[in-house]
Number of protein chains: 6
Amino acid sequence: MADDFFFPGLRNPGNTNNPAASLVTAANVEMFPGVNTLGVSIARIDYAPGGLNPPHTHPRATEIIFVLEGTLEVGFITTDNKLFVKTITKGNVFVFPRGLVHFQQNRGYGPAAVVAAFNSQLQGTQVIAMALFGAKPPVSTDILAKAFMTGNSAVDAIKAKFAPK
Amino acid sequence: MADDFFFPGLRNPGNTNNPAASLVTAANVEMFPGVNTLGVSIARIDYAPGGLNPPHTHPRATEIIFVLEGTLEVGFITTDNKLFVKTITKGNVFVFPRGLVHFQQNRGYGPAAVVAAFNSQLQGTQVIAMALFGAKPPVSTDILAKAFMTGNSAVDAIKAKFAPK
Amino acid sequence: MADDFFFPGLRNPGNTNNPAASLVTAANVEMFPGVNTLGVSIARIDYAPGGLNPPHTHPRATEIIFVLEGTLEVGFITTDNKLFVKTITKGNVFVFPRGLVHFQQNRGYGPAAVVAAFNSQLQGTQVIAMALFGAKPPVSTDILAKAFMTGNSAVDAIKAKFAPK
Amino acid sequence: MADDFFFPGLRNPGNTNNPAASLVTAANVEMFPGVNTLGVSIARIDYAPGGLNPPHTHPRATEIIFVLEGTLEVGFITTDNKLFVKTITKGNVFVFPRGLVHFQQNRGYGPAAVVAAFNSQLQGTQVIAMALFGAKPPVSTDILAKAFMTGNSAVDAIKAKFAPK
Amino acid sequence: MADDFFFPGLRNPGNTNNPAASLVTAANVEMFPGVNTLGVSIARIDYAPGGLNPPHTHPRATEIIFVLEGTLEVGFITTDNKLFVKTITKGNVFVFPRGLVHFQQNRGYGPAAVVAAFNSQLQGTQVIAMALFGAKPPVSTDILAKAFMTGNSAVDAIKAKFAPK
Amino acid sequence: MADDFFFPGLRNPGNTNNPAASLVTAANVEMFPGVNTLGVSIARIDYAPGGLNPPHTHPRATEIIFVLEGTLEVGFITTDNKLFVKTITKGNVFVFPRGLVHFQQNRGYGPAAVVAAFNSQLQGTQVIAMALFGAKPPVSTDILAKAFMTGNSAVDAIKAKFAPK
């Protein structure tokens with residue numbers, strides 16, 4: 001029936017009262033079964049002023065966004081470590097190629113929001129800092145210290161922030 | 001550079017002062033080369049009150065829409081001739097499976113608009129009535145009369161409406 | 001066993017004693033399970049003189065036909081509303097690109113038949129006039145009248161022809 | 001134009017006056033550019049009585065055949081060395097899964113012919129005996145003798161048959 | 001858990017005490033379920049001196065090999081019957097395109113081994129001589145004699161070698 | 001010719017005399033054109049004792065590795081932040097699903113090496129720490145501080161390590 005292909009859950013802004021001051025509300029096959037086998041999914045992302053959707057990847061999809069309101073700085077990093085960054089506003093479109101690290105931040109004075117579409121029914125999301133510093137079991141401090149060319153204590157300090165309260 | 005992945009052309013509502021009282025503004029690979037090889041594209045569709053995006057297909061993509069404003073009746077028809085139809089409003093999502101005939105109509109009192117995303121860099125669009133009754137050279141009247149189980153004069157009357165002015 | 005990959009059901013011409021004077025006999029995964037996962041299916045189409053396989057689309061496949069007998073006018077319409085039409089006879093091949101509206105009509109004095117192959121185990125078929133004017137529940141008359149730039153009574157007259165007897 | 005999507009070259013039976021007493025006439029993207037990007041191609045195969053389309057593979061396509069006339073023994077071999085073989089006649093359909101060794105032989109008293117469709121614009125064909133015993137430069141006799149568990153002289157005798165005259 | 005993505009079964013050289021003097025030890029989805037949906041699989045192949053991995057195809061995958069030790073002659077045959085052959089040694093890489101007949105033979109004085117990776121979770125393997133001369137039920141001697149342009153007795157002699165002992 | 005499908009450049013261990021004490025030597029389509037269109041590529045990775053192939057992703061490929069020598073701790077992080085980690089040794093196989101952050105570290109007393117195969121001719125590699133802290137132009141310190149829940153000075157300290165000398 002028609003309701004199978006309908007999803008009302010993106011109607012309201014997400015609650016951005018969290019440390020990142022942003023929230024992704026997803027409509028992929030897990031909560032919107034109608035997209036099963038159709039090769040698409042969608043989400044809305046809300047941002048309080050300064051709110052950040054922190055650097056992350058989607059292992060199985062390209063993402064294309066349309067700004068609903070506000071002013072955002074958006075960027076992605078290429079495989080040769082070039083940052084492509086742009087300030088975009090209401091009605092603008094930006095595309096993040098499959099699998100690359102990207103982020104968005106609200107650089108305006110009021111709330112911001114985007115609609116994000118994916119060419120996968122289940123794009124997957126890996127938030128980089130959480131994956132590396134908040135994994136269960138933890139990634140060894142030694143590996144992170146080497147990777148970020150810093151000391152063990154600096155790594156442990158970051159890990160502490162990602163530990164469950 | 002970042003501008004290659006940015007498209008500003010969907011910022012403003014399209015001009016709906018046309019017979020359909022609706023307008024599709026597309027951002028596919030033809031006008032937004034940044035999506036080349038990325039498997040996505042996007043569009044916005046604006047509708048005056050009563051405006052109709054008439055029955056059409058996308059030969060190469062599933063479409064997922066998010067309502068920016070207004071109240072729309074949206075529907076698609078399955079391969080066993082079932083109509084799936086739904087009235088949707090701001091913030092709602094609906095998905096039209098690959099290749100099926102679908103449409104949207106503004107059923108509210110003010111303007112309506114949606115963002116539409118596709119899982120193809122070039123979804124293609126075939127507007128059914130225009131394709132059948134406005135093609136160059138024309139589809140023979142005999143074929144259309146048989147297909148629609150009507151008379152030649154009825155077909156020719158419709159064809160006349162689709163002829164270039 | 002070998003019989004799983006064998007299908008005898010296209011041996012005899014289909015019965016064309018129907019309003020369209022044509023019949024599609026399909027061998028896709030629903031009746032020929034052997035093509036499951038193999039990405040192909042096949043059909044034969046028979047046409048009495050004047051018989052029409054009316055304008056339709058296959059949402060998930062390109063179609064390639066080989067004429068078994070007779071003389072057919074075949075055509076498809078591109079996404080920019082160009083009609084590509086050709087008269088073909090026994091032994092000729094024609095290809096209908098994925099998702100585009102196409103048709104065939106017997107323009108000879110005797111029966112005609114084609115073999116049609118698809119690059120999908122389940123191509124799907126949407127017969128345009130039936131989908132629009134015979135759907136259950138019906139597409140609203142208002143939408144069809146606008147789409148075909150005609151009056152409600154003209155739409156209702158066509159709808160009446162597609163209603164179950 | 002429409003002629004781009006039309007191919008007349010399968011109209012006439014191929015000349016089977018050759019050692020195999022069979023001939024494949026192909027309509028793939030090399031001689032029928034209209035199928036470019038469309039993911040299909042087609043061929044006709046003609047067989048004199050006893051004529052054999054010898055064991056071969058298509059590296060990039062599943063093949064589905066429809067018998068135009070005659071009686072054929074057709075078969076393919078699975079990856080666990082089971083032969084699936086069937087005698088088929090006019091109007092029958094058989095499918096050869098992607099990449100598996102298969103063959104057809106005319107087992108009737110008159111000519112036989114099939115239409116073969118592929119889910120690739122360029123299916124590729126590797127005729128096993130020719131590939132192994134007629135390659136340029138030759139596959140070493142030692143390898144073939146070991147592979148076929150026979151002697152060098154037996155291999156060289158077969159190689160001689162495949163040498164250009 | 002991590003063990004799902006781990007496979008220890010390629011650790012030891014395979015037993016090459018068999019007629020081919022070679023052994024393929026596979027790690028595809030049948031014995032290594034962790035690659036399910038991931039589109040890859042792997043194998044190791046061991047060869048005694050003179051050992052041959054006889055001409056075969058993988059219907060659903062390209063293969064890329066890395067030589068662990070030894071000296072091998074490797075080759076494949078194109079669809080226009082050209083042999084591409086090369087002698088490779090420890091640390092060398094060679095690629096066998098999807099679906100083409102290929103082989104490897106140990107041309108050194110000691111054992112040889114390669115790692116082979118495939119872009120499919122289940123590449124499939126069809127060993128040509130076994131498929132043609134050892135199938136159950138057997139491919140008819142007549143067909144093989146014609147295909148290899150040899151006599152029935154020569155075919156039967158080869159078939160006898162592939163019969164179960 | 002055969003040399004097009006041959007790549008000798010992985011023969012020798014890479015020079016691990018660098019800060020990571022590891023080196024990836026790739027054989028993808030950029031340096032090994034023979035894999036063009038074939039959907040595979042390969043690499044070898046060498047590690048001095050303690051050497052780390054730091055957390056990274058491949059945007060377009062699953063990776064499967066085979067250990068040539070040594071003892072490695074390998075791991076990847078799922079999209080729900082679970083670490084899957086395993087100690088593997090010579091002859092072991094491990095698979096890293098498409099697009100997920102993963103790493104390997106030599107935990108033995110001598111050199112270690114793996115062969116890594118990918119189901120893409122150009123897998124792409126994004127080294128997370130370098131991408132985030134060494135991009136040109138730089139990702140803003142503010143964004144990184146928020147993402148890693150740390151202070152600007154901690155971010156700038158890491159950035160300084162990734163600056164070109």
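The values are calculated or read from the model by the stated rules, or taken from the named source; none is laboratory data. Since the model is a prediction, treat every value here as computed from it, not as a measurement. Here the Cβ is made from the backbone with ideal geometry for all residues, glycine too, and neighbour counts use every protein chain on show. In case anyone asks, the SASA skips ligands and DNA or RNA and just uses the protein heavy atoms, side chains included. Shrake-Rupley method; radii C 1.70, N 1.55, O 1.52, S 1.80 Å.
Output the residues belonging to the stretch B:134-165 that are touching a helix residue (DSSP H, G or I) at 6+ places or on another chain (Cβ under 7 Å), closer than 30 Å to residue B:26 by Cα and open to solvent by 10 Å² or more (accessible area, probe 1.4 Å).
Residues satisfying the conditions are B:138, B:158, B:159, B:162.
Can you find a residue that is surrounded by fewer than 22 Cβ atoms within 10 Å (Cβ to Cβ), within 17 Å of the chain's Cα centre (by Cα) and more than 8 Å from chain A (Cβ to nearest Cβ) anywhere in the stretch F:103-112?
Within the stretch F:103-112, the subset surrounded by fewer than 22 Cβ atoms within 10 Å (Cβ to Cβ) is F:107-111.
Remaining after also requiring within 17 Å of the chain's Cα centre (by Cα): F:107, F:111.
Okay, now just the ones that are also more than 8 Å from chain A (Cβ to nearest Cβ), so F:107, F:111.
Checking the stretch F:103-112: at least one residue is surrounded by fewer than 22 Cβ atoms within 10 Å (Cβ to Cβ), within 17 Å of the chain's Cα centre (by Cα) and more than 8 Å from chain A (Cβ to nearest Cβ).
Quick check on my filter: what residues within the stretch D:43-82 are over 20 Å from residue D:126 (Cβ atoms) and more than 14 Å from chain E (Cβ to nearest Cβ)? Explain how you work it out, then say what you get.
Filtering the stretch D:43-82 for residues over 20 Å from residue D:126 (Cβ atoms) gives D:46, D:48-50, D:66-73, D:80, D:82.
Matches in the stretch D:43-82: D:46, D:66, D:67, D:68, D:69, D:70, D:71.
Out of (1) at negative phi; (2) at the interface with another protein chain (Cβ under 7 Å from one of its Cβ atoms), what's the single condition that is false for residue C:149?
(1) is the only condition that residue C:149 fails.
Going through the stretch E:1-35 one residue at a time, which ones are out of contact with any Pro (no Cβ under 9 Å at 6 or more places or on another chain), among the polar types (S, T, N, Q) and more than 19 Å from residue F:92 (Cβ to Cβ)?
Answer for the stretch E:1-35, where residues must be out of contact with any Pro (no Cβ under 9 Å at 6 or more places or on another chain), among the polar types (S, T, N, Q) and more than 19 Å from residue F:92 (Cβ to Cβ): E:15, E:17, E:18.
In the set E:77, E:45, E:64, E:88, which member is in the same structural domain as residue E:7 (by TED's automatic domain parsing), buried (at least 21 other Cβ atoms within 10 Å of the Cβ) and over 27 Å from residue D:100 (Cα atoms)? Talk me through it step by step, then tell me what you get.
On the way: E:77 fails: over 27 Å from residue D:100 (Cα atoms); E:45 fails: over 27 Å from residue D:100 (Cα atoms); E:64 fails: over 27 Å from residue D:100 (Cα atoms).
Just one listed residue meets the conditions, E:88.
What is the one condition in (1) surrounded by fewer than 19 Cβ atoms within 10 Å (Cβ to Cβ); (2) in contact (Cβ under 8 Å) with a residue 40 or more places away in the chain that residue A:40 does not satisfy?
All conditions are met except number (1).
Conditions first: (1) over 11 Å from the mean Cα position of the chain (by Cα); (2) touching a residue at least 40 places away in the same chain (Cβ under 8 Å). Residue C:85 passes all but one, so which condition is the exception?
So residue C:85 meets the others, but not (2).
Conditions first: (1) within 14 Å of chain E (Cβ to nearest Cβ); (2) among the hydroxyl-bearing types (Ser, Thr, Tyr); (3) under 18 Å from residue D:13 (Cβ atoms). Residue D:89 passes all but one, so which condition is the exception?
The number of the failed condition is (1).
Within the stretch C:19-42, which residues are of a type in the set (Gly, Ala, Ser) and more than 8 Å from every other protein chain (Cβ to nearest Cβ)?
The answer is C:21, C:22, C:26.
Tell me which of these residue A:121 doesn't satisfy, since it passes every other one: (1) open to solvent by less than 40 Å² (accessible area, probe 1.4 Å); (2) within 14 Å of chain B (Cβ to nearest Cβ); (3) not aliphatic (A, V, I, L, M).
Going through (1) open to solvent by less than 40 Å² (accessible area, probe 1.4 Å); (2) within 14 Å of chain B (Cβ to nearest Cβ); (3) not aliphatic (A, V, I, L, M) one by one, residue A:121 breaks only (1).
For the stretch F:1-13, give me each residue that is surrounded by 18 or more Cβ atoms within 10 Å (Cβ to Cβ) and either out of contact with any strand residue (DSSP E or B) (no Cβ under 6 Å at 6 or more places or on another chain) or of a type in the set (A, V, I, L, M) (or both).
F:10, the sole residue that qualifies.
Of everything in the stretch B:116-165, what is assigned to a strand (DSSP E or B) and farther than 19 Å from residue C:103 by Cβ? Give them in sequence order. Steps first, please.
So in the stretch B:116-165, the residues assigned to a strand (DSSP E or B) come out as B:116-118, B:126-127, B:136.
Within the stretch B:116-165, B:116, B:117, B:118 meet the criteria.
For the stretch F:91-102, name all the residues that are open to solvent by less than 30 Å² (accessible area, probe 1.4 Å) and within 17 Å of the chain's Cα centre (by Cα). Let's see the steps before the verdict.
In the first step, residues of the stretch F:91-102 are kept if they are open to solvent by less than 30 Å² (accessible area, probe 1.4 Å); the result is F:91-97, F:99-102.
Across the stretch F:91-102, the qualifying residues are F:93, F:94, F:95, F:96, F:97, F:99, F:100, F:101, F:102.
Any idea which of (1) open to solvent by 10 Å² or more (accessible area, probe 1.4 Å); (2) more than 14 Å from chain C (Cβ to nearest Cβ); (3) in contact (Cβ under 8 Å) with a residue 40 or more places away in the chain; (4) in contact with an Asp or Glu (Cβ under 7 Å, 6 or more places away or on another chain) is the one residue B:16 doesn't satisfy?
Failed condition: (2).
Mind checking which residues of the stretch E:103-112 are within 9 Å of residue E:71 (Cα to Cα) and in a strand (DSSP E or B)? Show your work before the answer.
Going through the stretch E:103-112, the residues within 9 Å of residue E:71 (Cα to Cα) turn out to be E:105-112.
If the condition is that a residue be within 9 Å of residue E:71 (Cα to Cα) and in a strand (DSSP E or B), then E:105, E:106, E:112 are the ones that fit.
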